[in-house]
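Step one of this worksheet: look at the structure below.
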Amino acid sequence: MEQINKDDTRRELTNFNVQMIALGGAIGTGLFLGAGQTIHRTGPSILLVYLVVGLFFSVMMRAIGEMMYKDPSQHTFVAFIHQYLGADFGKFAEWSYWMTLILAGMAELIAIATYIRLWLPNVSAWLIEILILGTLSIINLSIVRFFGKTESMLSIIKIIAIIALILVGIWMIAVHHKNPVGTSAGLGNVTKDYTAFPHGFREFLNAFPMVFFSFEGMEFIGITTAETKNPRQVLPLAVKQVVFRILIFYIGALFVIMAITPWQQISQSSSPFVQVFQIAGMPAASQIINFVVIVAATSALNSAIFSSGRHLYQLAVESDSKFLSKLRHVSKSGIPSYAVLFSACLMLFGPVLSAFKALSAAFSLVASICGDIYILVCILTMIAHYRYRQSSDFMEDGFRMPAYKILNPLTIAFFSFVFITMFFNKENVIPAVGALIWLIVFLTVVKFRKTKEFPNTIV
């Protein structure tokens with residue numbers, strides 16, 4: 001039986017769809033291309049970084065899951081910041097997170113064209129970008145079930161690539177496969193000459209933001225709930241299972257990579273997946289991984305279109321603006337189509353900006369700032385959850401996060417620590433400062449507008 005919400009959106013996503021969307025959102029190009037850089041920074045200690053970050057992300061997912069379980073009609077988890085921290089922080093989080101998704105979509109669109117042009121160098125990048133964005137927009141404007149199936153298929157391809165790497169790695173370790181440089185695959189490569197901070201403690205600290213952003217996208221579970229069948233049955237399963245599966249994929253893949261060849265010999269300038277398959281005697285490895293990277297970027301873009309459309313729709317529902325009121329439209333197939341189309345069209349500015357050097361540099365800076373704003377949104381989400389647990393809305397028999405009085409403050413402290421570590425890296429200082437300036441300016445403008453509208457009211 002078809003489940004239709006009061007606003008005409010439809011619940012058509014299954015437990016499998018939700019898990020694949022979350023896995024697909026968190027397993028992106030960062031693992032397939034950027035893992036070499038994270039390994040280079042800290043060596044085997046990177047496994048500890050992934051474990052710690054992953055566990056704290058699991059706490060945040062439990063917090064989001066508990067609030068969504070209480071009110072599965074919400075189209076975005078950020079709505080709870082609005083509900084429990086007030087309109088000021090709520091608007092900041094909603095608009096900032098939406099902007100982050102738009103910029104992430106722009107970046108993924110540019111990346112897809114770049115990777116496809118390795119095979120089709122004579123085809124213009126702008127044509128590829130329009131075709132890809134148009135195709136994914138059509139998928140997002142169709143029934144939700146079709147989006148779920150598409151995203152599940154893309155995620156499965158990425159998961160198969162990771163499983164293939166792990167299986168090939170296990171075989172190489174079992175037979176002590178000899179590498180071109182003369183070393184042999186073996187578990188001893190992980191611990192040989194182990195040093196906790198091979199490039200210094202600062203590089204170890206710098207690994208935390210990199211790993212933190214590699215988990216970004218896991219929170220998409222908190223955006224699919226309103227369009228998921230039987231959300232109170234699906235949500236707990238998805239939250240509990242997806243976190244540990246991601247940890248297994250990340251830690252398992254990185255462990256195998258470092259066991260196949262000493263981590264000091266892993267190049268940070270190329271994909272460690274390509275390096276492993278080449279060592280295994282697969283010369284077509286670069287072509288295979290190029291395909292997987294295109295799939296990973298396409299999956300991320302697909303999710304960005306879906307998520308940004310739902311966020312904008314939520315903003316339109318909460319707003320009294322005449323312009324935003326037009327974005328409340330829901331199609332016959334249950335899609336907030338105008339919000340999805342508007343968000344997708346904005347992503348076309350990415351390729352335009354990238355065509356001009358000065359604008360491209362500005363785009364990169366703004367994208368970095370938005371990435372840092374994501375941490376602030378995560379912190380606000382945890383504070384909102386703490387407020388929820390102390391409110392009259394608390395659902396005693398709901399999907400409760402255990403030991404919230406301890407785990408919630410610890411998670412807030414850890415996310416704050418990750419934000420602070422960005423000030424130890426000269427590449428991240430300006431974006432981190434920019435994120436704080438954006439927070440202060442946004443809240444100041446909101447306060448000013450309130451004071452102007454209600455001059456005799458203290459806000």
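Over the chain, what is the mean sequence separation of C-alpha contacts under 8 Å (at least six apart), divided by residue count, expressed as relative contact order in percent?
On the way: 673 pairs, mean separation 151.8, N = 459.
The normalised contact order for the chain reaches 33 percent.
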Nearest-10 value in Å² for the accessible area of residue 225, using the 1.4 Å probe: 0
Average Cα contact separation per residue, region 263-344, under 8 Å, 6 or more apart, as relative contact order %: 21
Helix-only mean residue ellipticity at 222 nm for the chain, each DSSP H run of n ≥ 4 adding -39500 (n - 2.57), per residue, nearest 500: -24000 deg cm²/dmol
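What is region 150-244's relative contact order, in percent, from Cα pairs under 8 angstrom and six or more apart in sequence?
Details: 23 pairs, mean separation 10.1, N = 95.
Contact order relative to length: 11 percent.
Using 1/(1 + (r/R0)^6) with R0 = 51 angstrom and r between the beta carbons of residue 170 and residue 345, what's the FRET efficiency to the nearest 0.05?
Values: r = 46 Å, r/R0 = 0.90.
The value I calculate is 0.65.
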Rounded accessible area of residue 210 (nearest 10 Å², 1.4 Å probe): 60
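Going down the list 149/332; 70/326; 240/332; 149/326; 158/426; 149/229, which pairs span over 23 Å between their C-alpha atoms?
Details: 149/332 19 Å; 70/326 29 Å; 240/332 33 Å; 149/326 29 Å; 158/426 33 Å; 149/229 14 Å.
With Cα atoms farther than 23 Å apart: 70/326; 240/332; 149/326; 158/426.
How much length would be gained if the chain were fully extended between residue 323 and residue 395, taking 0.36 nm per residue of separation minus their Cα-Cα distance, in nm to one decimal?
Once the chain is fully extended between residue 323 and residue 395, it gains 22.3 nm.
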Surface per residue (accessible, 1.4 Å probe) for the chain, Å²: 43
Accessible-area order (highest first, 1.4 angstrom probe) of the listed residues 250, 338: 338, 250
With every protein chain in place, region 199-249: carbon and sulfur % of accessible area (1.4 Å): 61
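Carbon and sulfur: what percent of region 64-166's accessible surface (1.4 Å probe)?
About 74 percent, which is the carbon plus sulfur part of the accessible surface.
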Geometric extent, Cα atoms of the chain - Rg, Dmax (angstrom): 22.2, 78
Given charges at beta-carbon only (K, R positive; D, E negative), |dipole| of the chain in Debye: 120
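The values are calculated or read from the model by the stated rules, or taken from the named source; none is laboratory data. Bear in mind that the values here come from a model prediction, so they are computed numbers and not experimental data. Heads up, the Cβs are rebuilt from the backbone with ideal geometry, glycines too, and the neighbour counts pull from every protein chain shown. Keep in mind that these areas ignore ligands, DNA and RNA; they rest on the heavy atoms of the full protein, side chains included. Shrake-Rupley method; radii C 1.70, N 1.55, O 1.52, S 1.80 Å.
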